[in-house]
1. Work through the residues other than B:ILE66 whose Cβ is under 12 Å from its Cβ and net out their charges, Lys, Arg +1 and Asp, Glu -1.
2. For chains C and D, what's the summed buried accessible area, probe 1.4 Å, to the nearest 100 square angstrom?
3. Expressed as a whole number of Å, what is the distance separating the alpha-carbon centroids of the stretch A:37-84 and the stretch E:126-161?
4. How big is the charge dipole of the stretch D:34-153 about its Cα centre, in debye rounded to the nearest 20, if each Lys and Arg gets +1 on its Cβ and each Asp and Glu gets -1 on its Cβ?
5. Could you identify which residue out of A:ILE12, A:ILE48, A:ILE29 has the top mean-square fluctuation in a GNM of chain A using Cα springs shorter than 10 Å?
6. For the C and B pair, go ahead and give the buried accessible area with a 1.4 Å probe, both sides summed, in Å² to 100.
7. Have a look at the DSSP beta bridges in the stretch D:34-153 and tell me what percent are antiparallel, nearest 5.
8. Evaluate E = 1/(1 + (r/R0)^6) for F:ASP327 and D:GLU188, where r is the Cβ-Cβ distance and R0 equals 51 Å; express this FRET efficiency to the nearest 0.05.
Amino acid sequence: MCLGVPGRIETILDTTPLERSARVSFGGIRREINLCYVPEAEVGDYVIVHVGFAISRVREEQARQIFQELERLAELEHSRGKSE
Amino acid sequence: MCLGVPGRIETILDTTPLERSARVSFGGIRREINLCYVPEAEVGDYVIVHVGFAISRVREEQARQIFQELERLAELEHSRGKSE
Amino acid sequence: MPVTQDEAIRLGHGSGGVMMQHLLRDVVFPHIANQWTSQGHDSATLAIGNSKVVFTTDSFVVSPLFFPGGDIGELAVYGTVNDLAMSGARPLYLSCSLILEEGLSLSVLERVMQSMARAAAVTGVQLVTGDTKVVERGKGDGLFINTSGIGLIEHSLEIAPQRIDSGDSIILSGDVGRHGMAIMASREGLEFEMPLASDCAPLQSPVLELLAAGVEVHCLRDLTRGGLATALVELAESSGRELAVQEAAVPVTESVQGACELLGLDPFYVANEGRFVAFVPREQAALALAALAKNPLTRGSAVIGNVTEGTHAQVILQNSLGSERLLDRLPGEMLPRIC
Amino acid sequence: MPVTQDEAIRLGHGSGGVMMQHLLRDVVFPHIANQWTSQGHDSATLAIGNSKVVFTTDSFVVSPLFFPGGDIGELAVYGTVNDLAMSGARPLYLSCSLILEEGLSLSVLERVMQSMARAAAVTGVQLVTGDTKVVERGKGDGLFINTSGIGLIEHSLEIAPQRIDSGDSIILSGDVGRHGMAIMASREGLEFEMPLASDCAPLQSPVLELLAAGVEVHCLRDLTRGGLATALVELAESSGRELAVQEAAVPVTESVQGACELLGLDPFYVANEGRFVAFVPREQAALALAALAKNPLTRGSAVIGNVTEGTHAQVILQNSLGSERLLDRLPGEMLPRIC
Amino acid sequence: MKYLDEYRQRASIEQLAAEITRITSKPWRIMEVCGGQTHAIVKFGLQQFLPDDIELIHGPGCPVCVTSLEMIDRAIAIASRPDVILCSFGDMLRVPGTERDLLSVKAAGGDIRTLYSPLHALTVAEQNPDRQIVLFAIGFETTAPAHALTVRLARERGLENFSLLVSHFLVPPAIETICASGASRVQGFLAAGHVCTITGYKHYQPLADHYRVPIVVTGFEPLDILEGILMCVRQLEQGCHRIENQYSRAVAPDGNHTARAMLEEVFTISDQQWRGVGQIANSGLELSAAYADFDAQKRFSLPASAHQDTSGCISGAIMQGLQKPADCPHFGDRCRPEHPLGAPMVSSEGACAAYFRYCARSTANEH
Amino acid sequence: MKYLDEYRQRASIEQLAAEITRITSKPWRIMEVCGGQTHAIVKFGLQQFLPDDIELIHGPGCPVCVTSLEMIDRAIAIASRPDVILCSFGDMLRVPGTERDLLSVKAAGGDIRTLYSPLHALTVAEQNPDRQIVLFAIGFETTAPAHALTVRLARERGLENFSLLVSHFLVPPAIETICASGASRVQGFLAAGHVCTITGYKHYQPLADHYRVPIVVTGFEPLDILEGILMCVRQLEQGCHRIENQYSRAVAPDGNHTARAMLEEVFTISDQQWRGVGQIANSGLELSAAYADFDAQKRFSLPASAHQDTSGCISGAIMQGLQKPADCPHFGDRCRPEHPLGAPMVSSEGACAAYFRYCARSTANEH
Ligand code: SF4
Ligand code: SF4
Ligand SMILES: [Mg+2]
Ligand SMILES: [Mg+2]
Ligand SMILES: [Mg+2]
Ligand SMILES: [Mg+2]
Ligand SMILES: [Mg+2]
Ligand SMILES: [Mg+2]
Ligand SMILES: [Mg+2]
Ligand SMILES: [Mg+2]
Ligand SMILES: [Mg+2]
Ligand SMILES: [Mg+2]
């Protein structure tokens, strides 16, 4: 369910509360996206977009966690390799 | 104004007063024609048809007159030719 | 008056008359002017290796798809075969490109394909390549077919409007107007019962027989949109000759006549799909008629007129009463008349 | 499951997938079965005199008529030129058959004709014969164009799916999916801003250059409806070979990728109009790439896979993660997804 | 075809033509009132059989030609509405309104259906209950009964989505207008045979008496027309001005009672605007009060348009026999059959179109 | 593309896969709830990286698949009306109703528009004031806010020709149903990341506690899914049953407040029919009383259809992990991607379609 694609907010197009919207870029292709549900999102932020609506702002710090985990695993692996 | 074409009544299709109609043949091509305005017309009669309506029944005797006139003219001509 | 850019296409632009002539002259031909398109012929003769190859194309948009005496599939094969035959070529290969409208019944398509196959077999051509497109409902008309054709010229005659010569006899291969009236009879709101069928037929055998009989054919033209009158006017203009035609010599069946009277149309402008005119030297007219009479498709052939010594590119019709009038293109679409 | 007669045409019948395959297999090809149509090639090679003549046809029904990077006129010329080139032929002559919808602006037609003339000049082909039909409003889509083409084979190679051999390298001539996404971006309700244009381009010069470089080409196929994936599946089936393709080797621009993510589409199935795959002996792949790199249209060429020793006629995609999956035809139309 | 072929025989035509020539002692100008007659004259080249002294003047008897610019503009306005299907006779579609014709409206997306019979409009209405069906009801007395029955049936069937845009004309007031014009050159009339099948011809008597013109009710075949001319010339040569009936096989003196009764029920007589001619009192028909619900002008509350015909078209003068097409500054220049400026250039037998083709013959190779 | 490409790197995938393999000591069956996750698993061949002991079960998380037969029949009935334009997501069009699908309705003349965003339906409504525009509003919690805002804007703009055919589903009750089934084979869940962007995940706690299953809120990229599996297997191996959030870059514990407030305003919770599964209490959304005017079911007074799915499709059992596609008698026979009998054969990542393609590989050259 629920195709959600991360895109970068480039320009705010409308600031009416319910119809707050922005031009959002997805790898260069752009479309107007409704921002009503991400009042905190600003130009430069990435948002997850579903059927033309931003449903969530992507949090950079949390996004890093998985790569930190991968590094941790790599170290563990490395030390396991050594210890074997 | 007013294309009118003689056609022959082949079959009565409907006998409702206002919608009395017949299959009429025009040299072999046939179409349903309204007969409301020619209550006297029957199968075998020729009618003058305009925009799908018979507007007049063709009277055989009167139709012959012009050819009688032509014969008369031919005789006159003939006699004039003789007299010259 | 040139076609102007702010105009829009109307049906008259496709009906073979003056509007169509101007559309092609002003919008289409200027962009594809070359030795082939300038000939006013419905096909191009190409030198490929040692061969003289004829190439032609037509899209078929007839509605209804099935009509008395034929269907769009048969028409699509015969129409292109006929265009090849009109250059005196032997038709060999056809392409088949379908544009299907969403909602078309597959059984309809199946019937049309069967019909194309049958028509190809009858005419000895092979359908060698194709294409199939589907368009959204409301953006097509059930089925359009394009066929393009390749034929081979196996004789040394040049058959083209430019070869028409004064003194030529004009032979018509049969009665006129049946195809167009068969189509019109099935139109919404007209709905006639037609006792006769479309004249839709393949013309390559009579043409090849004509050539085999040794007739030195000058020009051939099948009658399609715009009918006999338009074909003659086009040929008069392409050849720069004056043509004289006897109305009484042109066969029109009584039911075509009847339908035309009823709708206020002129059978000389009604479409055919299996008739052609041939221009032959007067002294060979009898030979040509004899050859054509042997083929059931052209049994009704007759000399309908001749090329005069006149210097005006025009067609003079001598009507049954003995008076004359000039034939010209219709302005646009042929519309049923009230008066 | 065979197509049944009580079905109706749906858009999926025209989109290059399984529905289309079955339509052609069950309704179209049975009626036109012959040595040419059985080859699974997009054109027919005909022996005429001493010449090998290639013949092909396509109808163009693109909407909108003008799109970023091209228009229907350019497409109609390049599309048929490309089909000829895919047999290794030099494209020579094109026909041009127009189906105009009542209401089409003449200035639109004029622009399209200009564009066809320009495309013909670019590719060195002549538009030698044509046809113009007008259909009622609501029975067309502005403008449909059919072009059929004639080309000449000037070399002794046989270029056909049947020549594909195990060990062949598969070369792709550039990035995929741009044409289809450029069209889709202008659809009602989608309306993306596309920074990139259609890949619409003529392919005869790179192909002729490939041949001139001495590459012993086994097979060529331009990517159109159904995109890269469908072209490969068709070739696997026509040749009876197993193909292996590396997903990572296939160039996809970031904006095509972005649009595909957003709509839930797979760029491997998105249409192109200026890309082809070439099957060449492995030892000639470098030679082929060098030849293609010289032409700006094919500068992005790359080897994307190879023909395996496998005995199943199928396409294995090795994705960027190293896992494999089987590529197949889409069932029908490619529809934007919500999930 | 019976009743057609025998009226198109060369020998008979030549015989009548010879008789006309024989009895003609001086120039006579005769107007064939009806466009259908003009059509036959042009198509069969009948003028070629007549002595130079007989000049035929093409009259105003074509409903397509005389329907006013305002009325065509109304039809165009109605047909342009997305909720409407306009049903019309084919030859009405090419007649120019102020800015365009109905064919252009169709090209721009208007739903316009060409009818053979007005009755078919009822079928269209039944098949399209969610659309408004408007019948463009043009015509003379010949066509009025067809429209009358159609609207009556619409009422009986309770068709609420059906209405008529009525543009109906009566012929006698137009003939009277021509006669009354000081400039009139017409010395005798061939009255329109098919109109008279409905109306009969007794009502012409006062006109013939007052203006001292012979009036011959005439048919439409070559033989009919030549006989009508012969009968007219005979009267002219004899100084008579009777009503005669050449077309007696179809026309009774009183016309068609049933049809006239229906006309009385459905229509009332009104003033009418004739294109190029202007207003003629009591020369038109409009729906009677009982049928006012079916009046498209009321249903779509169209403003009475005040468009003046500023095209410079002189069709009115031509149809009254006052001027010739060549007198028109636009003839063959801005006005041609494929781009008509006025109605007489529209149909092939229109006075201007016929004359254009005649002229084309001599200039064909010049442009 | 940022936030996509870095989650699709071979080395990272292999690293996580190795860790999963390393820690897996016995067979585990994990359900990825969401169809989007299934799509990624199939497309990227993720199963190939997993040890044989890890079995992934494709869950019911595809609104297209679970929309009931009755609802599709209603959409078909509405779309067949000449006065209606039906707006729908593309993947809904191929799902079979009792007799046909929406694509067939379109082929037969129904006006059906494919949307990317529901907001576009408002534009369609504004551009077609004389038509009824019906939005086929299907979805889970992820899509519901989009539909909620759309209907709210429709009310503000006074669009009287606009309504929604609502087929909205809530995920937690479905998971509970699966857990509660005696036959359930599922030992751990990857919860649907995008649903949780709206709902958060605290509400899963009672479920995890009661059924003693680990639930990991998981994203959609290959790396997300493998990490989700890893987190789930870790818990299973350790005998835990916690709620964890793999997709924390997009999902907050409480979800999206603004969106949830809008849902409360526009919708109320109702029982819902899941295709193949049957009725699940409190598992759906319907328009609240304040928006009842926009309910297409009321506007078109559709009878509550009583169509039973008699196709023999076992999709419900498949989506609950109770059976496999190959257990279905129609699989590959009457039911194929180009002629789907049930929803899981429709989209390429549907359980049956994915399995069909997998099987095709071995039998490709047999037919
Ligand atoms: S030539 Fe044209 S403008 Fe002049 S009177 Fe005739 S129709 Fe009118
Ligand atoms: S194979 Fe088809 S019928 Fe069987 S469960 Fe899957 S979708 Fe349903
Ligand atoms: Mg042709
Ligand atoms: Mg032709
Ligand atoms: Mg021709
Ligand atoms: Mg093709
Ligand atoms: Mg249509
Ligand atoms: Mg092709
Ligand atoms: Mg092609
Ligand atoms: Mg191709
Ligand atoms: Mg043609
Ligand atoms: Mg259209």
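The values are calculated or read from the model by the stated rules, or taken from the named source; none is laboratory data. These numbers were taken from a predicted model, which means no experiment stands behind them. Cβ: placed from backbone, ideal geometry, glycine included. Neighbour counts: every protein chain shown. Just so you know, the surface numbers come from the protein's heavy atoms only, side chains and all, with ligands and any DNA or RNA stripped out. Shrake-Rupley method; radii C 1.70, N 1.55, O 1.52, S 1.80 Å.
1. Numbers: positive: B:ARG64, B:ARG72, E:ARG249; negative: B:GLU61, B:GLU69, B:GLU71, E:GLU6, E:GLU221, E:ASP224, E:GLU227.
It works out to a net charge of -4.
2. Values: alone 15990 and 15980 Å², together 25380 Å².
About 6600 Å² of accessible surface is lost on pairing.
3. Here the answer is 73 Å between Cα centres.
4. Working: 7 positive and 11 negative charges, 64 e Å.
The calculated dipole for the stretch D:34-153 is roughly 300 debye.
5. Residue with maximal mean-square fluctuation among A:ILE12, A:ILE48, A:ILE29: A:ILE29.
6. Working: alone 15990 and 6340 Å², together 21090 Å².
Interface between C and B: roughly 1200 Å².
7. On the way: 24 of 33 bridges.
Beta bridges within the stretch D:34-153, antiparallel portion: roughly 75 percent.
8. Details: r = 42 Å, r/R0 = 0.83.
E(calc), rounded to 0.05, equals 0.75.
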